[in-house]
Amino acid sequence: MSEIKNLKQYSKSSERFEGANLLCPGCAHGIIVREVLNATEYPLLVAASTGCLEVSTAVYPYTSWDVPWIHIGFENSSTAIAGAEAMYKALKRKDRLYSDKTPKFVAFGGDGSTYDIGFQFISGCFERGHDFTYVCLDNEVYANTGGQRSGSTPLGASTTTTPAGRVSYGKKDRKKDLLFIMAAHGSPYVAQVAPNKWKDMSKKIKQAIETEGPTFINAMSACTTEWRFPAHQTIEMSDLAVDSLVFPLYEIINGTELRITYRPKNKVPVRDYLGVQARFKHLFKPENEYLIEEWQKNVDKYWEYLQRREEAKV
């Protein structure tokens, strides 16, 4: 498939991920996965960890996947796809392949199975240099198992394991900076994407899949269920995330060269992003408003850091 330049082309492209699934109305997972699978003409082999994506797209005896697909445990879609990649290389060396087409290998996991439970497996695959792309569907919570906090859950969010109330304002810790962690592995390509900036997302995904070596995509996936916003506002929520710079869009090449790929013309205050999500409603109480100021300071500081890194070209 040639480079996608407008959304109409998606309806004419080969469909590798069917719309018949049980993902929540408004879930961004389906948008992201469809774009991943349609970003390249290469044959794809896919592994998916247990999570919202897996339980909603493969309800026996039905499946939404029109590619070879492996469901594996919560923590190890990376090792499953790495095993498939290693098997392919072994068969190629022995001249036992039945096709001369070169496949690409993709693993999907939620933030729970990426930031937390499966991180050691992903790190090992990157250290060994397997040729695959890992895609994290980052909805900042264990959405499939009850809405518990994860390493991706941001400061002050109310979850089932960090509930806001009389003695707590929610999660006490900031979100883990996973993209820089993966870049530190020496990956040839890592990037953050969001479904509202679909051209940017398509370009980055294509580059990740077609780059040799272990590559990583962190995809913002707004969760209408656990973030608690109306299901029809998923794209608007994504707009607020990137325009407030809470979720900046950038890429890192060969572990060092950083490029910012989107600069909002009209920067949105962080409080506008927080204010439309019920998981943060308690932050607007007088005794907690200082946390919104802390959010804004952290976001501004990180954005300045990204710009300095880009200018340094190291």
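Here is how the numbers come out for the structure above:
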| item | result |
| --- | --- |
| Answer from ALA80, ALA90, ALA86 - the residue that is at pLDDT 95 or above and touching a strand residue (DSSP E or B) at 6+ places or on another chain (Cβ under 8 Å) | ALA80 |
| Members of region 161-183 found to be aliphatic (A, V, I, L, M) and either more than 24 Å from SER78 (Cβ to Cβ) or in a loop (DSSP other than H, G, I, E, B) (or both), listed by number | ALA164, VAL167 |
| Given (1) in contact (Cβ under 8 Å) with a residue 60 or more places away in the chain; (2) open to solvent by 50 Å² or more (accessible area, probe 1.4 Å); (3) under 21 Å from TRP295 (Cα atoms), index of the condition ASP177 fails | (1) |
| In region 107-152, the residues that are closer than 19 Å to PRO188 by Cβ and among the hydrophobic types (A, V, I, L, M, F, W, C) | ALA107, ILE122, CYS125, PHE126, PHE132, VAL135, CYS136 |
| Wholly within region 24-117, strands (runs of 3 or more DSSP E) carrying at least 3 residues that are in contact (Cβ under 8 Å) with a residue 60 or more places away in the chain and either open to solvent by less than 10 Å² (accessible area, probe 1.4 Å) or under 17 Å from ASP138 (Cα atoms) (or both) | 44-49, 104-110 |
| Index of the failed condition, SER168 passing every other in (1) touching a residue at least 12 places away in the same chain (Cβ under 8 Å); (2) out of contact with any helix residue (DSSP H, G or I) (no Cβ under 6 Å at 6 or more places or on another chain); (3) among the polar types (S, T, N, Q) | (1) |
| Test: residue in region 142-160 that is open to solvent by less than 10 Å² (accessible area, probe 1.4 Å), at positive phi and assigned to a loop (DSSP other than H, G, I, E, B) | yes |
| Test set (1) in a loop (DSSP other than H, G, I, E, B); (2) touching a Phe, Trp or Tyr at 6+ places or on another chain (Cβ under 7 Å); (3) buried (at least 16 other Cβ atoms within 10 Å of the Cβ) - HIS130 fails condition number | (2) |
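The values are calculated or read from the model by the stated rules, or taken from the named source; none is laboratory data. Everything numeric in this text was worked out from a predicted model, so none of it was measured. Every residue, glycine as well, gets a Cβ built from its backbone with ideal geometry; the counts of neighbours run over all protein chains shown. For the accessible areas, the whole protein counts, side chains as well, though only heavy atoms, and no ligand, DNA or RNA atoms are used. Shrake-Rupley method; radii C 1.70, N 1.55, O 1.52, S 1.80 Å.
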